[in-house]
1. Checking B:L152 against (1) in contact with a strand residue (DSSP E or B) (Cβ under 7 Å, 6 or more places away or on another chain); (2) without any contact (Cβ under 8 Å) to a residue 60 or more places away in the chain; (3) hydrophobic (A, V, I, L, M, F, W, C); (4) surrounded by 15 or more Cβ atoms within 10 Å (Cβ to Cβ), only one condition comes out false. Which one?
2. Looking only at the stretch B:262-277, count how many residues are of a type in the set (K, R) and under 23 Å from B:R42 (Cβ atoms).
3. Among the residues in the stretch B:101-122, are any over 19 Å from the mean Cα position of the chain (by Cα) and assigned to a helix (DSSP H, G or I)?
4. Tell me whether the stretch B:132-141 contains one or more residues that are in a loop (DSSP other than H, G, I, E, B) and among the β-branched types (V, I, T).
5. Could you identify the single residue in B:A50, B:A39 that is more than 19 Å from A:E57 (Cα to Cα), among the hydrophobic types (A, V, I, L, M, F, W, C) and out of contact with any His (no Cβ under 6 Å at 6 or more places or on another chain)?
6. Pick from B:E146, B:E93, B:E83: which is surrounded by 15 or more Cβ atoms within 10 Å (Cβ to Cβ), acidic (D, E) and touching a strand residue (DSSP E or B) at 6+ places or on another chain (Cβ under 9 Å)?
7. Just for the stretch A:57-79: of the residues that are aromatic (F, W, Y) and facing chain B (nearest Cβ under 8 Å), which one is nearest to B:V19 (Cα to Cα)?
8. Check the stretch B:95-105 and report whether any residue there is at pLDDT 80 or above and of a type in the set (G, A, S).
Amino acid sequence: MIDFQNRVFTAFIVILNCKFLYTIVAKVNLTPSLVPAVVNAIMAKFFVVRALFESREGPSKTFSWFAMITSFILTSVSIILIFLRLLFHAGSCFIVTHRCCVSDMFRLAERLVHLLN
Amino acid sequence: MLVDGKPLNSGFQKGTGFVQQNDNHLPTQTVREAIEFSALLRQPREFSKAQKLADVDYIINLLELDDLQDAIIGFPGAGLGVERRKRVTIAVELAAKPDLLLFLDEPTSGLDSAGAASIVRLLRKLANDGQAILCTIHQPSSLLFESFDNLLLLTMGGSMAYFGKIGEKSGRDSHHVRAYFEQNGAPPCPPTANVAEYILELTAGDRSGTVNWNKRWSSSIQAASARQAIEEIKADRLKHPPTHDPREEREFSASLSTQIALTTQRLFVDMYRDAAYPYGVLFSNILVGLVLGLAFQRRPSCSFALRGLLTELLQIWGTE
């Protein structure tokens with residue numbers, strides 16, 4: 001069972017990474033995956049700022065390529081850190097406040113379904 | 001090309017502004033933010049921040065952007081209109097303090113007649129304010145054409161057909177251009193006709209005939225006097241002692257720390273206003289967390305099993 005879980009997880013990771021790689025290298029969507037919305041959001045943001053840099057701000061020496069990439073790294077890292085803290089907090093609150101086991105949750109879900117029917 | 005009788009150096013790039021034909025801006029910035037960003041990064045670092053921000057206020061006022069200063073620039077079609085975007089582009093370039101020259105690449109293209117008139121009126125205002133402006137223009141109406149002081153007319157292939165004053169006084173007539181072409185064998189221009197159209201038809205249109213306007217210009221009295229005037233200016237400027245321009249020594253006007261601080265600040269504001277990327281990150285974090293949690297759920301939590309889990313993790317990363 002656990003072996004099966006690992007295989008599924010590996011397939012998921014491969015699809016996820018292929019999506020990233022192919023979108024970055026070939027700029028076309030070659031693999032179907034779960035995350036087009038995520039990738040498109042990241043790519044779109046970078047492309048808009050890079051296009052602006054290449055057409056106007058780079059040639060007019062407003063700021064350097066190094067500054068642009070650094071700003072992307074700084075914003076991305078801080079966004080990840082903020083969400084990490086948020087999700088960790090939410091997760092730990094969930095564990096502490098819900099002391100029931102999985103079977104309890106199932107029973108709860110069954111009762112809910114029964115109520116809805 | 002010479003500036004003050006000396007060849008161009010790297011200071012020339014910082015002393016000029018180039019208003020591109022397609023108005024490129026970050027869609028989430030407001031008008032004031034875009035102008036401030038340009039002023040803080042492109043003006044020499046010797047100026048204080050207060051001085052630069054005072055310049056921004058002045059430029060916003062000059063380009064009549066007061067009521068638009070907190071508007072989001074947006075995309076073409078969803079945001080500022082074409083003429084307003086053009087004004088923002090001019091303001092962004094002006095914020096860099098182009099003390100030598102402001103280039104404009106077809107500023108009236110794609111604008112309606114009212115928009116074009118408004119842009120040229122603002123350029124006239126800037127010129128009266130002491131700003132040197134160089135502008136390419138196609139098919140101008142006579143009103144726009146007569147707003148300019150001097151004309152450099154290029155024929156097909158880029159050779160010169162006329163260089164000099166348009167009229168006695170800008171905004172009034174185009175007497176000089178008209179007189180030059182009429183003296184050189186062109187059919188007389190009717191007084192009500194658009195002089196810009198008249199000379200374009202003569203030099204590039206069907207009525208150009210056999211006259212080579214480039215050769216005729218080279219041998220004309222007007223060309224000779226223009227050349228002489230340029231030589232006089234060159235000799236006059238060379239007499240001045242060379243001025244030291246600190247901008248020549250640096251590649252970027254602002255220091256690297258200022259560049260990083262301002263670009264990062266801009267990107268944070270951009271991410272806040274257009275939050276698809278942060279939400280994408282949040283979404284993918286939840287998704288990956290869920291998948292990881294499900295893949296490794298119900299593992300015994302002794303250290304031996306943990307080691308097994310670590311090797312499995314490494315295997316998974318290895319197979320990527």
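The values are calculated or read from the model by the stated rules, or taken from the named source; none is laboratory data. Predicted model, so just to flag it, every value in this text is computed and none were measured. Glycine gets a Cβ as well: all are built from the backbone with ideal geometry, and neighbour counts include every protein chain shown.
1. (4)
2. Summing the residues that are of a type in the set (K, R) and under 23 Å from B:R42 (Cβ atoms) in the stretch B:262-277 gives 1.
3. yes
4. Yes: one or more hits.
5. So the residue among B:A50, B:A39 that is more than 19 Å from A:E57 (Cα to Cα), among the hydrophobic types (A, V, I, L, M, F, W, C) and out of contact with any His (no Cβ under 6 Å at 6 or more places or on another chain) is B:A50.
6. Answer to the check: B:E93.
7. Filtering the stretch A:57-79 for residues that are aromatic (F, W, Y) and facing chain B (nearest Cβ under 8 Å), the one nearest to B:V19 (Cα to Cα) comes out as A:F63.
8. Yes, the conditions are met somewhere in the stretch B:95-105.
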